1. Output wanted: per-residue J couplings in Hz (rounded whole) for segment 300-315, from phi through Karplus 6.51 cos²θ - 1.76 cosθ + 1.60, θ = phi - 60°, x for Gly and Pro.
2. Taking every Cα atom in segment 148-389, find the radius of gyration and the maximum pairwise distance Dmax, and write them in Å.
3. With point charges of +1 on the Cβ of Lys and Arg and -1 on the Cβ of Asp and Glu, referenced to the Cα centre of the chain, which listed residue (Phe242, Met266, Thr59) lies farthest in the positive direction of the dipole?
4. Please list the non-local residues whose amide H lies under 5 Å from the amide H of Ala31, H modeled 1.01 Å from N, same-chain partners needing a gap of 5 or more.
5. What is the gain in length, in nm to one decimal, between Glu229 and Asp148 on full extension, counting 0.36 nm per residue of separation less the C-alpha to C-alpha distance?
6. Can you give me the C-alpha center-to-center distance between segment 131-200 and segment 27-71, rounded to a whole angstrom?
7. Which of the peptides 221-233, 17-29 is most tightly packed, and how do the rest follow, judged by the mean count of other Cβ atoms within 10 Å per residue?
8. Fewest Cβ neighbours within 10 Å first, please rank Phe133, Phe214, Phe114 accordingly.
Amino acid sequence: METTEQNRDLTRVGKGTPAGELLRRYWHPIAALSDLDDTVHGTKRVKLLGEQLVLFRDTQGRLGLIAEQCPHRRASFAYGMATADGIRCPYHGWEFSAQGKCLDQPFGRDNPSFRDKVSIDSYPVQELGGLVFAYLGPQPAPLLPRFDGLVVEGAVRTLGRAELPCNWLQIVETSVDPVHAEWLHGRYIEFAQEAPGVKTHISAPHEKIDFKEFEYGITKHRLLAGQPEDSDDWKVGHPIVFPSTLAVGNGDAHRRSYVFQMRVPMDDENTLHLWYHAYVPPQGATVPAHLLQKVHRHEVPYLNADGSYRVDHIDGQDIMAWLTQGRVADRSAENLAASDQGVALYRRILRREIAKVQRGEDPMGVIRDAARNERIDLPNEKDKKHFRGGFVEFQRRTHMRFSPVLQELGQIYEPDGAVLDINPLNPAQAGRPNRVSPQKNPAAETSTS
C-alpha cells in the first residue's frame, strides 16, 4: 500500500516531479521511422512526459523533435514545411532548426537578436532498429542502449501500437507479476470457454516465483507445476529493463525472437504502448525481401463495438486489467500479498533510483561508455512453457493477430502448414486459431503477395 502522496511521487511524469525527472534520464521510443513516410507533411505529433511535440525530418533526411506550437502565433508544426535546415511554420513561414534555433523570419528586416529570443524547445532523437527514440533530460545525453533485439541483423520487425488511457506505472507493474498470467491468460479463458471444455497450458499453477536485480533492471523467474528446477523459466527468466520495458522473447534457435513491450509515458493519465518484435528466421528459411525493409506496423484494438474490452487475445486481457484500475491506480486502497513480491521490489528500486537522480547521480542502466554499448544481450529463456505449441497458434493469441505480415511469418516458420485464416476471432474463440487450407481459401493465399 502507498499513501496518496507516495502514489503521486511514483506516477506523475511532468517536469520537476520525482518520477518525471527520473524518466527524463532515459531514451524513449516515440515512433517507427516509417511513420514519417505515411504523412503528407512528413511530421508526427508526439506526446511524451507531458510535453506536446512534433517529430519531423528535414529535406536532408535529418530528424528533429521540437515543441509543437510555433512561438510566433502558436500554429502547429505538425503541418510544417520541411527545409534543408529544419522546418517552417505553415502560418507565416518562420523557420526553425532541429536544435530549436530560429533561422528565418520572412517579411521585414532581419533582426538576429530578436530571432535569438524566440528559440523553441527541442530534444535529441536517434533511430535504432527502425524506431525513433527521444531524450528529454539534461545534457550530456547518455548513449542510446543497443539492446540485442534492436541491433540483430536479418530480422523481420513488427510494431504493435496502442494509446492507453491510464498511467504508465500500473502497466509496468504487471511485468513483475508473473502469477497474473496463470489467471488472466489461463484460467480466465478456461472460465469463458467452460462449455467447450477449453484448456490452456498457461493456466499451469506457479509453484515458485523469484526476482533478481541485474545491471539493467530485474529478471523474473517462475517454476510451474511439472517443471524441473533446471528449466530456463526458473534458471534464466526474462527481464524488465528499467524503467519501463519488458523484454520477453523466444530463445529457441528454430524460433528465435526478441520481443520488447515498451511503455512510454505520454502524460500522467495516458501511455503509448509499443510491442516491438524482431523475428530471426530459421536457418535456410526463404524470407521475402520486403519483410526485411522496414518495421511493419499495426494498431492494437482493445475495445469492442459496444465499448466493452476485447479479451480475445492475451494483450487485450492485460489492457482490460490495466484500464479497469482507473486512469491512475489508487495504491492507497490496495492490499499486496505473496504474489506481489515483484511489485514491492520494483517500487523499492523506483524510489531508490529517484533518490539517485535527486542527488545528481545517473540512475540504473544509464550507459555512457561506448565500449559497453556495442550490443547488450539480455536474458531470454529457451523451451519456455508458455510458448509451447505451434508458432502461428501462439502468435494468434497475442496482438500479432492484427499484424499485416502474420500470414507471411507463418509461412516462414511453418512452411508446411496451411494458410492462416486471418479473420479476427470473436471472444468465444480466444486462443483457438482457425487454420484453413489454401485450396479452401484462395483469397487468403493471394493476400500474401
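Just so it is clear, none of the values below were taken in a lab; they were calculated from the coordinates. Just so you know, these numbers come straight off a predicted model, no measurement behind them. Here the Cβ is made from the backbone with ideal geometry for all residues, glycine too, and neighbour counts use every protein chain on show.
1. Result, rounded to whole Hz: 10, x, 10, 10, 7, 4, 8, x, 6, 7, 6, 10, 8, 8, 4, 5.
2. 18.6, 59
3. Highest projection toward the positive end goes to Thr59.
4. Val132
5. Using 0.36 nm per residue and subtracting the Cα-Cα distance, I get 26.5 nm.
6. 23 Å
7. 17-29, 221-233
8. Phe114, Phe214, Phe133
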